[in-house]
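Novice: Here it is, the structure in full.
The values are calculated or read from the model by the stated rules, or taken from the named source; none is laboratory data. Since we're looking at a predicted model, the values are computed, not measured. Here Cβ is always computed from backbone atoms with ideal geometry, including for glycine, and neighbour counts include all displayed protein chains.
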Amino acid sequence: MRGHRPRRTFDRMSSQSQTRAGLACIAGASIGVLAGVVTLVVQGSTSVSDEVWGYPWEEAALVAMSLPWVLSHLLIVPAILWLRSPAGAKLALAGTVLLAIAELASIPVYGQQLSETGPSVVAALFALATLLLAGGFLVVGAKATGTPEWTGWKRYTPLAVGLCALAVTGLAMTPLAYVGIAVANLCIAAFGLALLPAGEARPQARPAG
């Protein structure tokens, strides 16, 4: 049949696409871990008040740091599209994209008091985005632990991402916020690793929808 693609070729292309998504996820999460650790280090020596938006960064540094954070979030998107649960994938995707938007929105409100309207709105965006991300991965994680498509330690990675993201919301306004963010990104890296197919084995997840 004209246009027919052999199943083996399709499976190989699908496996390659899933591998690229997993590697992009690992790269994005690694950027998140590094940015979180660097922020923790800067917190120990900054002169910026913790009562203004942008702490602990100076304005120019905040702009410079916002771009890697945006890249970190966007690199995770292809992996989210491989989540088997359409509902969970949509929630996680919405949360991840909203995180990238919140990172950019944080730049214009630099230096404003946390109680002012701008920082309050941006903080709400971060909170909503993190909750959506957590909810999406928790939905996927609840299904992954009982399905054959996810095996061994891999089946627990979506649940770990959801739980860590949920914990981040509780740590958001504390000195441990970036510890939680770094740990959450480690879990996201593990999720990306779980997506990598073994050899020519059938992919363990399929694109949502």
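Novice: With Ser66, Ser49, Ser30, Ser14 as the choices, which residue is in a helix (DSSP H, G or I) and either without any contact (Cβ under 8 Å) to a residue 60 or more places away in the chain or buried (at least 19 other Cβ atoms within 10 Å of the Cβ) (or both)? Walk me through how you get there before you give the answer.
Specialist: On the way: Ser49 fails: in a helix (DSSP H, G or I); Ser30 fails: either without any contact (Cβ under 8 Å) to a residue 60 or more places away in the chain or buried (at least 19 other Cβ atoms within 10 Å of the Cβ) (or both); Ser14 fails: either without any contact (Cβ under 8 Å) to a residue 60 or more places away in the chain or buried (at least 19 other Cβ atoms within 10 Å of the Cβ) (or both).
Ser66 is the lone residue from the list that is in a helix (DSSP H, G or I) and either without any contact (Cβ under 8 Å) to a residue 60 or more places away in the chain or buried (at least 19 other Cβ atoms within 10 Å of the Cβ) (or both).
Novice: Looking at Val121 and the list (1) surrounded by 18 or more Cβ atoms within 10 Å (Cβ to Cβ); (2) farther than 23 Å from Arg84 by Cα; (3) not polar (S, T, N, Q), which single condition is not satisfied?
Specialist: Val121 satisfies every listed condition except (1).
Novice: In the range 126-140, which residue that is surrounded by 17 or more Cβ atoms within 10 Å (Cβ to Cβ) and over 11 Å from Ala165 (Cβ atoms) is modelled with the lowest pLDDT?
Specialist: Val140
Novice: Shifting gears a bit: For Pro78, indicate whether it is in contact with a Gly (Cβ under 6 Å, 6 or more places away or on another chain) and not charged (D, E, K, R).
Specialist: Working: in contact with a Gly (Cβ under 6 Å, 6 or more places away or on another chain): no; not charged (D, E, K, R): yes.
Criteria not met by Pro78.
Novice: Residues of the range 125-180 being of a type in the set (S, T, N, Q) and under 14 Å from the mean Cα position of the chain (by Cα), which ones? If you could, list the steps in order and put the result at the bottom.
Specialist: Initial filter on the range 125-180 (of a type in the set (S, T, N, Q)): 130, 145, 147, 151, 157, 169, 174.
Result: Thr130, Thr157, Thr169.
Novice: Failed condition for Cys187, given (1) more than 13 Å from the chain's Cα centre (by Cα); (2) modelled with pLDDT of 95 or more; (3) closer than 30 Å to Ser120 by Cβ, with all others met?
Specialist: (1)
Novice: When residues of the range 124-160 are filtered for being closer than 30 Å to Trp53 by Cβ and part of a loop (DSSP other than H, G, I, E, B), how many remain?
Specialist: Going through the range 124-160 one residue at a time, the tally reaches 0.
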